[in-house]
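Written out below as structure tokens is the structure these notes cover.
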Amino acid sequence: MIQLSILDQSPVAEQQTQAEALQNTIKLAQEADKLGYTRFWVSEHHNTPSLTGSSPEVLVSHLAAKTERIRIGSGGIMLPHYSAYKVAENFNVLEALAPGRIDMGIGRAPGGAPLSTLALQDGQARNNSRFPVQVDELLAYTHGELPEGHRLQGLHATPRLTSHPHIWMLGSSSYTAKLAAEKGLPFSFAHFINAYDGKAAVKYYMDHFRPSLYYPKPKVVVSIQAVTAATDEQAEEIAQSTDWAVILIESGVALQGIPSVATASQLPKEPGLLERIRENRNRILVGSPATVKAQLEELQATYSVDEFMLVSLTPDYEQKIEGYRLLAEAFNLN
């Protein structure tokens, strides 16, 4: 059996404001809750006009208040930017407000270009080397006690709770798979970023997982982009906007909005760009519910996991939600 979840990056469509994009994220979370999706995570991107979710912890709070059953979380908090203590307090507050429904996905990517990273670090150089130590501190703050001899021993993250947010390690490389296994944390692999190294990374994680006080068994979610419509032909047409958005973003173009299908269809069909689009299809599922279901079942056999998190850059909200509805029906989520 396959569980489905959603990662929403609050994409901004052409001719849409960033505030409208956030409202669509709220509506999508509410629909996902009704449709039977397992989790709904929101991302962290800075100074990125086409992806407007810059403060996942604030958005998680609002989404948790607007939904009833679904787990709400960050996909993720870019921990090197912040104090582990403050992140722990933020998510303890969220857990107190929505007990048993909060996921804290953490990563080490910058979530933006060098200028925003510099601003987030208050002008200092970003230090990724402390990330493993930050993870240890975050676990200790979230679950109660810093170890004996720690320079801040006796400090507690408030509120102090009997339940705790679930902490997930996010990544697209073997580094995060190894760290998640070492720390005994659930692992979310971003296949929508890296379509080639996931099988080896997940296998390493499963083979080397060390049970922790908090998570006795390994748990993996694989995230992948998906464009679903009633027919394969309709999905292929809609997917043009996703294909070109990915190409333009990776080319360093400061997109003001995800291109519509009409705009995407007018973009130059240069052989090199078309080859890159074909290559990118290794990390994007496109098709009818039956086609996407078959593709996910094939990925399940590759990864040996039971949960996938779907990402959609489809700019038309109604088309996006219809795709998620069709997949919910195909997988009998309710």
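The values are calculated or read from the model by the stated rules, or taken from the named source; none is laboratory data. Since we're looking at a predicted model, the values are computed, not measured. Every residue, glycine among them, receives a Cβ derived from its backbone with ideal geometry; neighbour counts consider all protein chains shown. Heavy atoms of the whole protein, side chains included, go into the accessibility calculation; ligands, DNA and RNA do not. Shrake-Rupley method; radii C 1.70, N 1.55, O 1.52, S 1.80 Å.
Around residue 321, with a cut-off of 14 angstrom between Cβ atoms, what is the net charge of the other residues, counting Lys and Arg +1 and Asp and Glu -1? Intermediate values should be presented prior to the final figure.
Working: positive: 27, 34, 320, 325; negative: 8, 31, 33, 316, 318, 322, 329.
Once positives and negatives cancel, what remains is -3.
Let me spell out the model: positive unit charges on the Cβ of Lys and Arg, negative unit charges on the Cβ of Asp and Glu, origin at the Cα centre of region 62-218. What dipole size does that give, in debye rounded to 20?
300
Cross-link partners among lysines for residue 27, C-alpha distance below 21 Å, same-chain residues fewer than 8 apart left out?
Result set, ordered by chain and number: 66, 320.
Please compute the net charge surrounding residue 154, taking Lys and Arg as +1 and Asp and Glu as -1 over other residues with Cβ under 11 Å from its Cβ. Write down the numbers at each step before the final one.
Numbers: positive: 151; negative: 145, 148.
Net local charge, residue 154 excluded: -1.
Any idea how far apart residue 290 and residue 18 come out in nm if each label point goes 7 Å out from Cα toward Cβ?
That separation, rounded to one decimal, is 4.4 nm.
Suppose the chain between residue 196 and residue 66 were pulled fully straight at 0.36 nm per residue; how much longer would it get relative to their current alpha carbon spacing?
Separation in residues times 0.36 nm, less the Cα-Cα distance, equals 43.1 nm.
How big is the charge dipole of the chain about its Cα centre, in debye rounded to the nearest 20, if each Lys and Arg gets +1 on its Cβ and each Asp and Glu gets -1 on its Cβ?
Taking the Cα centre of the chain as origin, the dipole is about 860 debye.
Could you give the nm distance between label points at residue 214 and residue 126, where each point is 7 Å from its Cα heading toward the beta carbon?
Between residue 214 and residue 126, the simple spin-label model gives 2.2 nm.
Given R₀ = 45 Å, FRET efficiency for residue 275-residue 151 by Cβ-Cβ distance, to 0.05?
After rounding to 0.05, the efficiency reads 0.25.
Quick check: pseudo-label points 7 Å beyond the Cα along Cα→Cβ at residue 1 and residue 262, how many nm apart are they?
4.5
Using mean Cβ contacts within 10 Å as the protection proxy, how do 139-151, 265-277, 299-311 order, highest first?
In descending order of packing, they fall as 299-311, 139-151, 265-277.
Using a ≥ b ≥ c from the Cα gyration tensor of region 1-134 (square roots of the eigenvalues), is it rounded, prolate or oblate, where a/c under 1.5 gives rounded and otherwise the larger of a/b and b/c decides, a/b for prolate?
The shape class here is oblate.
Averaged per residue, what accessible area in Å² does the chain show with a 1.4 Å probe, protein chains only?
Per-residue accessible area for the chain comes out at 44 Å².
Ranked highest first by average number of other Cβ atoms within 10 Å, how do 116-124, 23-31 line up?
Ranking, from highest mean packing down: 23-31, 116-124.
Count the DSSP beta bridges whose two residues both fall in the chain, then state the antiparallel fraction as a percent rounded to the nearest 5.
Values: 1 of 39 bridges.
Taking every DSSP beta bridge with both residues in the chain, the antiparallel ones total about 5 percent.
What do the square roots of 5 times the Cα gyration tensor eigenvalues come to for region 135-182, in whole Å, largest first, as semi-axes of the equivalent ellipsoid? Could the numbers behind the result be given before it?
Working: eigenvalues 116, 41, 10 Å².
That gives 24, 14, 7 Å for the three semi-axes.
Over its Cα atoms, what ratio of radius of gyration to 2.2 N^0.38 Å does region 170-271 give?
So region 170-271 has a normalised radius of gyration of 1.43.
Using 0.36 nm per residue, how much length does the chain from residue 173 to residue 115 gain when fully extended, once their Cα-Cα distance is taken away?
Answer, rounded to one decimal: 18.4 nm.
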